[in-house]
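J.: After the structure tokens below, expect a handful of questions from me.
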Amino acid sequence: MLLLECPYCGVKAEETELTAGGEAHLKRFGPGSSGEEFEAYMFARKNPKGVHFERWRHAYGCGKWFLAARCTATLEVFGTYPAQTTEPPADLVEKIKAKRPDWKGTK
Amino acid sequence: MSKVASALGGARFDGFASVSEIGPLGMITLRAKPDVKGLAAAVKAVTGTKLPAQRRVERAGDKVAAWMSPDEYLLILPYAEVKAALATLADKLAGQHHLAVDVSDARAVFRIEGAEAAQVLMKLAPADLTALEPGEIRRTRIAQVAGAFWADETGFTLVCFRSVAGYVMGLLSHSAQPGSELF
């Protein structure tokens, strides 16, 4: 069972109260971009074994989108944060680096 | 004007806890950020309560103000007073970015009462009922549908969509079957 704390209401929501929204922090390639760029934006996902940043929606609660960092191998949740950002908060990145020294970072 | 009827006509089930459909109640969805000027005064004018903080339910007699999300509040009041309340809100929040809508007829309300009322909900919602504080509202999933509930001295009040009132009544009745207590 996956428990994620919604950063907007502070509820520790269980997975079935949430809707998964796929990988977070995608850079959009729209009109004017090359075919390869658009294809990569549309379809190519990192799908890592380990640290992963994801979008989740508190669908049965406040209805807001938020972002979560978790480990896809162990289901360990590193933290959640509001979606109004283009990159993970620095303190969360530090926390993940401390726990996963071989993690290469978000780039 | 047509006669106002609640979703299930006051259906009732008595098991190890009693389940009853109540209403019709007047409900207003008020969408506004908490920093909107005059919001607290507007809510006070309608329900007589202060502006609820995160996940809080404020009660004053039969009127309730509940926090639904960072920019949404639910105001509960007698059915007949909704029209006047909407006028009050429009007046007090004039010029401010907000939205107030009468959702009385879109909702169904249940009461679950009895010493073991919490167990009825424990079976249906993925929420930690033992961690639910007095005066805290929990929006969650009631089996397959969305719902919200909060506790008071005598039991729980549960709000769901009217379209699923029959389903929720069935769930609550089944969950409250005598002999199916959890502890």
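J.: Over the whole of A:60-67, what's the average partner chain Cβ count within 10 Å per residue? Rounded to a whole number, please. Provide the component values of the computation, followed by the final result.
T.: Numbers: counts 11, 10, 9, 7, 3, 0, 0, 0.
That average works out to 5.
J.: Cα axis of helix B:82-92 to longest principal axis of chain B: angle in degrees, 0 to 90, nearest 10?
T.: 40 degrees
J.: Per DSSP H run of at least 4 residues, take -39500 (n - 2.57); add these up for chain B, divide by its residues and hand me the 222 nm value, nearest 500 deg cm²/dmol.
T.: -6000 deg cm²/dmol
J.: Quick check: residue separation of residue B:130 and residue B:53 times 0.36 nm, minus the Cα distance between them. What number comes out in nm?
T.: Details: separation 77, 0.36 × 77 = 27.72 nm, distance 2.06 nm.
Length gained, residue B:130 through residue B:53: 25.7 nm.
J.: Spin-label point model (7 Å from Cα, Cβ direction): what's the residue A:47 to residue A:19 distance in nm?
T.: Going from the residue A:47 label point to the residue A:19 one covers 2.4 nm.
J.: Which whole number gives the average count of other chain Cβ atoms within 10 Å of the Cβ atoms across peptide B:133-139?
T.: On the way: counts 0, 0, 0, 1, 1, 3, 9.
The per-residue average across the peptide is 2.
J.: Which of B:140, B:47, A:85 comes first, and how do the rest follow, when ranked by fewest Cβ neighbours within 10 Å? Mind dumping the intermediate values first?
T.: Details: B:140 21, B:47 25, A:85 11.
Least to most surrounded, the residues fall as A:85, B:140, B:47.
J.: Treating the angle as unsigned and between 0 and 90°, give the value, to the nearest 10°, between the Cα long axis of helix B:165-175 and the longest Cα principal axis of chain B.
T.: So the inclination is approximately 40 degrees.
J.: How high is the relative contact order of segment A:25-107, in percent, with contacts defined as C-alpha pairs under 8 Å that are six or more residues apart?
T.: On the way: 85 pairs, mean separation 15.2, N = 83.
The value is 18 percent.
J.: Here's something else I'd like to know. What shape does segment A:60-107 take by its C-alpha gyration tensor, where a ≥ b ≥ c are the square roots of the eigenvalues and a/c under 1.5 counts as rounded, a/b above b/c as prolate, and the rest as oblate?
T.: Values: a/c = 2.60, a/b = 1.56, b/c = 1.66.
Judged from the Cα gyration tensor, segment A:60-107 comes out oblate (a/c at least 1.5, b/c at or above a/b).
J.: Additional query: Could you tell me which of rounded, prolate or oblate describes chain A, using a ≥ b ≥ c as the square roots of the eigenvalues of the alpha-carbon gyration tensor, with rounded for a/c under 1.5 and, failing that, prolate when a/b is larger than b/c and oblate otherwise?
T.: Numbers: a/c = 1.88, a/b = 1.27, b/c = 1.47.
Note, shape of chain A comes out oblate.
J.: Hey, another quick one. Could you give the angle, 0 to 90 degrees to the nearest 10, between helix A:90-99's Cα long axis and the longest principal axis of the Cα atoms of chain A?
T.: Tilt of helix A:90-99: around 80 degrees.
J.: Considering chain B as a Gaussian network with a 10 Å cut-off on Cα pairs, which listed residue, B:116, B:153, B:133, attains the greatest mean-square fluctuation?
T.: It is B:153.
J.: About its Cα centre, what dipole magnitude does the protein assembly as shown give when the only charges are +1 on Lys and Arg Cβ and -1 on Asp and Glu Cβ, stated in debye to the nearest 20? Mind dumping the intermediate values first?
T.: Values: 36 positive and 33 negative charges, 133 e Å.
Charge dipole, the protein assembly as shown, about its Cα centre: 640 debye, nearest 20.
J.: Charges on Cβ only, +1 for Lys and Arg, -1 for Asp and Glu, centred on the Cα centroid of segment B:12-175; of B:98, B:159, B:112, which one is farthest towards the dipole's positive end?
T.: B:98
J.: Sort B:149, A:78, B:161, B:156 so the one with the fewest other Cβ atoms within 10 Å of its own Cβ comes first. Intermediate results must be reported in sequence, preceding the final value.
T.: Working: B:149 26, A:78 19, B:161 16, B:156 23.
Arranged by neighbour count, lowest to highest, B:149, A:78, B:161, B:156 become B:161, A:78, B:156, B:149.
J.: What is the order of A:28, B:31, fewest Cβ neighbours within 10 Å to most? If you can, show how the numbers build up before the last one.
T.: Working: A:28 9, B:31 15.
Fewest-to-most Cβ neighbours within 10 Å comes out as A:28, B:31.
J.: Which net charge results when you count Lys and Arg as +1 and Asp and Glu as -1 among the other residues whose beta-carbon is under 12 Å from that of residue A:74? Mind dumping the intermediate values first?
T.: Numbers: positive: A:49, A:70, A:99, A:100; negative: A:76.
Taking every other residue near residue A:74 into account, the sum is +3.
J.: Using 1/(1 + (r/R0)^6) with R0 = 35 angstrom and r between the beta carbons of residue B:33 and residue B:79, what's the FRET efficiency to the nearest 0.05?
T.: Values: r = 28 Å, r/R0 = 0.80.
Using R0 = 35 Å, I get an efficiency of 0.80.
J.: Quote the FRET efficiency, to the nearest 0.05, computed for residue A:94 versus residue B:153 with a Förster distance R0 of 30 Å and r equal to the Cβ-Cβ distance.
T.: 0.05
J.: When you look at the Cβ of every residue in A:5-17, what mean number of other chain Cβ atoms sits within 10 Å?
T.: Details: counts 0, 1, 1, 4, 9, 2, 9, 3, 5, 6, 1, 4, 7.
Mean partner shielding for this stretch: 4.
J.: Just how large is the dipole of segment B:12-175 about the Cα centre, in debye to the nearest 20, putting +1 at every Lys and Arg Cβ and -1 at every Asp and Glu Cβ?
T.: Working: 19 positive and 18 negative charges, 83 e Å.
The calculated dipole for segment B:12-175 is roughly 400 debye.
Where a number appears in this text, it was derived from the coordinates with a stated rule and is not lab data. Computed from a predicted structure; not experimentally measured. A quick note on method: Cβ atoms are made from the backbone with ideal geometry, for glycine too, and the neighbour counts reach across all protein chains shown.
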